[in-house]
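What follows is a single structure, written as structure tokens, with notes after it.
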Amino acid sequence: MDFALPEELRQLQEMVRRFVDRELIPIEMEAMDGPDLKPEIRLHLEARARELGLWLLDVPEEHGGMGLGLLGMTVVWQELARTIALPPRGPGIFGPEVRAVLFRLDAAQRARYLDPVLRGEKRTAFAQTEPDAGADPGMIRTRAERQGDGYVINGTKRFISHAERADFLQLVAATEPGLGTRGLSMFLVDMDTPGVSIARRSGTMMGDVTCELVLENVRIPAENLIGKEGDGMRLSQSWLTSGRLYQAARGLGVAQRCLEMATRYARDRVTFGSPLSDRQAIQFMIADMFTEHALGQLNAYRTAWKADQGTLERHESYMVKVSCTELGFKAADRCLQIHGGSGLSLDLPVQKMWRDARSFMITEGATEVMRVALAREIFRSLA
Ligand SMILES: Cc1cc2nc3c(=O)[nH]c(=O)nc-3n(C[C@H](O)[C@H](O)[C@H](O)COP(=O)(O)OP(=O)(O)OC[C@H]3O[C@@H](n4cnc5c(N)ncnc54)[C@H](O)[C@@H]3O)c2cc1C
């Protein structure tokens with residue numbers, strides 16, 4: 001059994017860590033303008049990423065990318081989460097972000113949707129959640145009805161990230177409404193199709209923005225169906241595994257940075273005649289942060305590695321998502337406490353990490369829903 005990262009991933013980890021330490025952390029308090037990077041900073045960082053060879057990391061080699069698997073991406077995501085310089089839910093700076101589903105398109109769909117995304121000419125958003133269907137996608141009411149040589153779509157989607165700048169949606173809708181998740185299908189829907197509109201824009205406590213979308217008699221050609229009717233849940237799950245690992249990796253990165261900040265502050269800050277680092281109450285917090293981070297990292301790397309080998313059981317990604325997002329939030333909370341009033345100040349990054357880390361316990365599968373699914377699997381295999 002070998003717990004070390006393969007040498008090429010260790011080198012990649014070091015390179016990204018150096019980039020974060022030298023080029024992102026120094027600008028992190030002023031890099032963002034609302035939900036995105038300031039345009040001049042984005043241009044500069046994207047140019048630097050290309051220089052460093054950090055471009056289209058997870059895009060398969062046959063599409064011109066580096067073909068990094070989920071273990072490699074987990075390592076990169078973890079390092080990037082040590083800074084608040086970048087928008088936590090993208091867009092990142094390592095090239096257009098391509099959801100795994102787009103690699104499953106047929107040749108004609110790839111030419112119209114995937115290739116323009118890879119060239120940076122089109123952007124996409126993922127639209128599954130609805131006002132009555134968040135944690136429970138079986139409640140999805142958006143209906144795609146087959147009519148002639150196409151589909152007519154009606155419904156409302158909520159909390160859709162990046163919808164404002166998207167050219168097309170990967171949209172989940174019911175083709176067989178009585179069948180719950182088995183009746184869901186996934187479609188490519190151009191944002192400029194008549195009947196698609198942004199009804200509402202909502203800010204979040206993390207600073208990002210989501211949209212409510214209304215689809216009213218939206219007609220799309222039958223060739224915009226991805227895969228087959230009924231494939232919707234399977235396709236969306238294929239993306240969600242990497243989404244869960246992404247959020248787990250962010251928890252780990254936050255925990256690592258918080259550990260670094262908390263130990264430094266505790267060493268330097270003197271109260272009642274001694275540094276905070278001499279106090280057992282503070283030592284316990286630091287020791288727990290360290291232990292939880294180490295355990296979480298082992299589990300996350302193992303889970304990502306199994307996903308790359310094709311041997312991952314779905315409940316394993318639930319386990320890692322729950323534990324790493326929780327340990328990330330706990331670490332941010334302890335770090336904030338150790339910093340006292342400074343932790344609450346907008347001059348330090350910890351308050352933003354605290355808000356971001358909290359959000360990851362809800363998105364891509366709320367903690368409770370993951371635990372319920374995990375318990376079901378445990379009872380199935382052990383009871
Ligand atoms: C910033 C942000 C970005 C997002 N981006 C996207 C996006 O791009 N595309 C997209 O489709 N969606 C997106 N979402 C939606 C996100 O995935 C949902 O918010 C999430 O799935 C939870 O759904 P909900 O908010 O409707 O919560 P609900 O379904 O109302 O659940 C509320 C709470 O109830 C509890 N709960 C639910 N079911 C159970 C159960 N069975 N047992 C115990 N407790 C339960 C959980 O604590 C859960 O947090 C985004 C959300 C946010 C906040």
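Which pairs have Cβ atoms under 8 Å, sit 6 or more apart or on different chains, and link a residue in segment 44-69 that is on the phi > 0 side of the Ramachandran plot to one that is in a helix (DSSP H, G or I)?
That search, which allows pairs on different chains as well, returns 56/63; 56/118; 64/118; 67/61.
Kindly provide the set of residues from segment 276-327 that are of a type in the set (D, E, K, R) and open to solvent by less than 40 Å² (accessible area, probe 1.4 Å), ordered by number.
Selection gives 306, 316, 321.
Filter segment 105-135 for residues that are within 12 Å of the ligand (Cβ to nearest atom), without any contact (Cβ under 8 Å) to a residue 24 or more places away in the chain and open to solvent by less than 30 Å² (accessible area, probe 1.4 Å) and give the result.
Taking segment 105-135 and keeping what is within 12 Å of the ligand (Cβ to nearest atom), we get 124-135.
Still in the running and without any contact (Cβ under 8 Å) to a residue 24 or more places away in the chain: 132-133.
Hit for segment 105-135 is 133, nothing else.
Mind checking which pairs have a first residue in segment 73-94 that is free of Cβ contacts under 8 Å to residues at least 24 places away in the same chain and a second that is assigned to a loop (DSSP other than H, G, I, E, B), Cβ under 8 Å, 6 or more apart or different chains?
92/86
Which is surrounded by fewer than 22 Cβ atoms within 10 Å (Cβ to Cβ), small (Gly, Ala, Ser) and modelled with pLDDT of 95 or more, of 148, 90?
The match here is 148.
Go through segment 147-180 and give me each residue that's on the phi < 0 side of the Ramachandran plot, in a helix (DSSP H, G or I) and touching a residue at least 40 places away in the same chain (Cβ under 8 Å).
163, 164, 165, 179
If I go through segment 332-383 residue by residue, how many of them are among the aliphatic types (A, V, I, L, M), more than 16 Å from the ligand (Cβ to nearest atom) and either under 27 Å from residue 287 (Cα atoms) or at pLDDT 95 or above (or both)?
7
The values are calculated or read from the model by the stated rules, or taken from the named source; none is laboratory data. Please read all numbers here as calculations on a predicted model, not as lab measurements. Cβ: placed from backbone, ideal geometry, glycine included. Neighbour counts: every protein chain shown. In case anyone asks, the SASA skips ligands and DNA or RNA and just uses the protein heavy atoms, side chains included. Shrake-Rupley method; radii C 1.70, N 1.55, O 1.52, S 1.80 Å.
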